[in-house]
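Everything on this sheet refers to the single structure shown next.
The values are calculated or read from the model by the stated rules, or taken from the named source; none is laboratory data. Note that the coordinates shown come from a computational prediction; the quantities given were computed from them, not determined experimentally. Quick reminder, even Gly has a Cβ in these numbers, built from the backbone with ideal geometry, and neighbours come from all protein chains shown. Ligands, DNA and RNA are stripped out before the accessible areas are found, and what is left, the full protein with its side chains, is counted by its heavy atoms. Shrake-Rupley method; radii C 1.70, N 1.55, O 1.52, S 1.80 Å.
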Amino acid sequence: MMNKESSEIDFVIVGQGLAGSLLAYLLLQKGKKVQIYDAPEIPSSSKVAAGIFNPVTGRKLIKTWMADELFPFLEQFYVALEKDLQAKFFHQVLIYRPFPNQQVQEYFKSDNLPENFDDFASLEFENIKYKNLVNSEWGGATTKQSGWVDLKILLDTFRLYFKEKGILIEKKLNPEEALSKSYKTIFCEGFQGKFNPFFNYLPFNPVKGEVLDITIEGINLDEIISQGAFVVPLSKNTFRLGATYTWHELDFKTTPQGEKELLDKYHKLMKPDLKVVSHLAGVRPASKDRRPFVGMHPDLQQIGIFNGLGSKGVSLAPYFANQFVDFLVTGKELSSEVNINRFASLYLGAENS
Ligand SMILES: Cc1cc2nc3c(=O)[nH]c(=O)nc-3n(C[C@H](O)[C@H](O)[C@H](O)COP(=O)(O)OP(=O)(O)OC[C@H]3O[C@@H](n4cnc5c(N)ncnc54)[C@H](O)[C@@H]3O)c2cc1C
């Protein structure tokens, strides 16, 4: 495919993972001329992710950061996107979380539950529904406003959509090629962003993770089960089992230890036997302060970044891609919690060393 002339482009997006796809899509919606680079040889963590979104976290089911803004936004966003792309990838399902021990059960029997607890969870001390499936002698909680996005379908659909528009170039863009251009280049490189010479001063904290795709015969399960590990229903009898967390050996290689850890966790959580179908590994592009990296380079105003989505890309990406596009198109200020100018001192330090 011929490259568009520079004068015809407003934005180049580097990376067609979740971050780059949503950013490119929203810029196109604003009438901007976009070109996307995506390197088939560089692995994408979006293709490994289970795609879960869940507004509560931890044993005590505390609301996650910005849940009241992010979750209503993501719901209307993905529903509208499904309509526009004419594909099905957004699955709103409950997450059943068995209590891991009696102490946690007692906490949920107490009056100290978080405010508005009923809005996002309900309790089931008897565990009748999951009795033959899940090991949960202390009962559990079911969380609402949760579910999963089938990122494979979403990204494959986007790939076709961008190809049909003639704006996807399937090759690597070397960061230096973005210098001195009339258009803006936004890097959405996932884990590779850590090695980008313009943004390697940002405090990345990548986390490797492995998952197994498995089949479980003879069960009927639409919900996600999660405690120590998660089991996500991908299609009839097929599930994604995850995930491991490691901060070293940051590559996309599967390991026998990863598989063993996942199978051990599965057998602790679930009763039926399983068959392993495939094994995947990826690296979550996390940041040290657990907030996304959004904004323009401190010196090079034509170069920006949308990264740092960590293990919550599905819930963070729609809201912050939309915020970034508002900034790029109308100059509306970015939230200080995600704007990379919070790391200006690290940039100056790197410059002076
Ligand atoms: C095991 C595991 C489980 C996960 N589970 C969940 C989950 O349940 N829920 C959730 O919300 N998140 C989950 N995540 C996290 C999720 O994957 C990320 O938050 C999200 O997918 C990051 O998207 P991204 O677009 O930033 O990066 P990526 O998906 O990695 O995309 C980056 C893209 O950029 C391309 N690229 C990089 N550099 C260049 C270059 N120089 N030129 C051209 N192309 C380039 C790559 O080829 C790739 O396609 C999980 C991650 C892992 C590893």
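Of note:
- Some residue of the range 107-122 being within 16 Å of the ligand (Cβ to nearest atom) and loosely packed, with under 13 Cβ neighbours inside 10 Å: no
- Residue satisfying condition, being among the small types (Gly, Ala, Ser) and over 30 Å from residue 218 (Cβ atoms), within set 182, 136, 146, 122: 182
- Among residues of the range 33-72, those that are away from the ligand (no atom under 11 Å from the Cβ), open to solvent by less than 40 Å² (accessible area, probe 1.4 Å) and more than 21 Å from residue 118 (Cβ to Cβ), counted: 2
- The range 155-203, residues that are more than 10 Å from the ligand (Cβ to nearest atom), hydrophobic (A, V, I, L, M, F, W, C) and open to solvent by less than 20 Å² (accessible area, probe 1.4 Å): 158, 162, 167, 168, 186, 199, 202
- Residue 177 being in the same structural domain as residue 305 (by TED's automatic domain parsing) and without any contact (Cβ under 8 Å) to a residue 40 or more places away in the chain: yes
- Any hit, the range 238-251, residues being open to solvent by 30 Å² or more (accessible area, probe 1.4 Å), closer than 23 Å to residue 95 by Cα and more than 13 Å from the ligand (Cβ to nearest atom): yes
- Every pair of residues 6+ apart whose Cβ atoms lie under 6 Å, when the first sits in the range 25-41 and is among the polar types (S, T, N, Q) while the second is more than 8 Å from the ligand (Cβ to nearest atom): 35/4; 35/9; 35/12; 35/167
- Which listed residue, of 32, 60, is in the same structural domain as residue 178 (by TED's automatic domain parsing) and among the basic types (Lys, Arg): 32
- So residue 225, is it touching a Pro at 6+ places or on another chain (Cβ under 9 Å), open to solvent by less than 10 Å² (accessible area, probe 1.4 Å), more than 9 Å from the ligand (Cβ to nearest atom) and not in a loop (DSSP other than H, G, I, E, B): yes
- Among all positions in the range 146-153, there is at least one residue which is touching a residue at least 12 places away in the same chain (Cβ under 8 Å), assigned to a loop (DSSP other than H, G, I, E, B), within 15 Å of the ligand (Cβ to nearest atom) and open to solvent by 20 Å² or more (accessible area, probe 1.4 Å).
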